[in-house]
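The values are calculated or read from the model by the stated rules, or taken from the named source; none is laboratory data. Predicted model, so just to flag it, every value in this text is computed and none were measured. All Cβ positions, glycine included, derive from the backbone under ideal geometry; neighbour counts span all protein chains shown.
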Amino acid sequence: MEELLEYRQRMLNKLAEAPGLVETAVFNIKDQTQPLEAGGWNIHQVVAHMRDVNQHVYLLRLHRIIDEENPMFENFDGEAWMAEHYQPLEPIRNLVSEFREQCRSTADWLRSLPLEAWNLPGKHPSFGKHSLQWWVERTLAHISEHLAQLEQKEVSSQ
């Protein structure tokens, strides 16, 4: 049980620390208008996506798991969301700041939950039925995926 608690603590620490790593990578990239990969999103779009998916998908799902009994989640189309909601003139500092606050408050909230809450389920049409812990892991995997893109671009722009 102690190992599981330590694992969860490490996850929450990663969640709280991720925005600082995102910020460092973003502001070390010289040309933020270039796509991260051919035909892909630029730095601003990736950070907007991270913030928006965090807020409107993953954090919402975590809260629904706690607030509802066995909630069913809908699929999320990130491309469609960006096409409808993306604001290219929004300052990137605002995006990073909002992402930082989301991660900080979510880590604090998750730390406050009773141990048994981590086993509560949520269902998804593609992913199936999984515990709150799995959804936290999925949240971190999404953040880590985009952080790796940003860090790779950071290294190549130096």
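A few points about this structure:
- Residue that is farthest from G122 (Cα to Cα), among those in segment 13-33 that are aliphatic (A, V, I, L, M) and surrounded by fewer than 19 Cβ atoms within 10 Å (Cβ to Cβ): L21
- Test: residue in segment 107-115 that is over 16 Å from N13 (Cα atoms) and at pLDDT 95 or above: yes
- Qualifying position, being closer than 22 Å to G122 by Cα and of a type in the set (V, I, T), among V57, V47, V96: V57
- Checking segment 82-96 against the condition returns no match, with no residue being at pLDDT 95 or above and closer than 20 Å to E6 by Cβ.
- All positions within segment 87-106 that are in contact (Cβ under 8 Å) with a residue 12 or more places away in the chain and either closer than 16 Å to L15 by Cβ or among the charged types (D, E, K, R) (or both): E90, V96, E98, F99, R100, Q102, C103, R104, T106
- So E151, is it at pLDDT below 95, within 30 Å of Q34 (Cβ to Cβ) and not in a strand (DSSP E or B): yes
- The conditions of being over 21 Å from Q32 (Cβ atoms) and of a type outside the set (S, T, Y) are met by E74.
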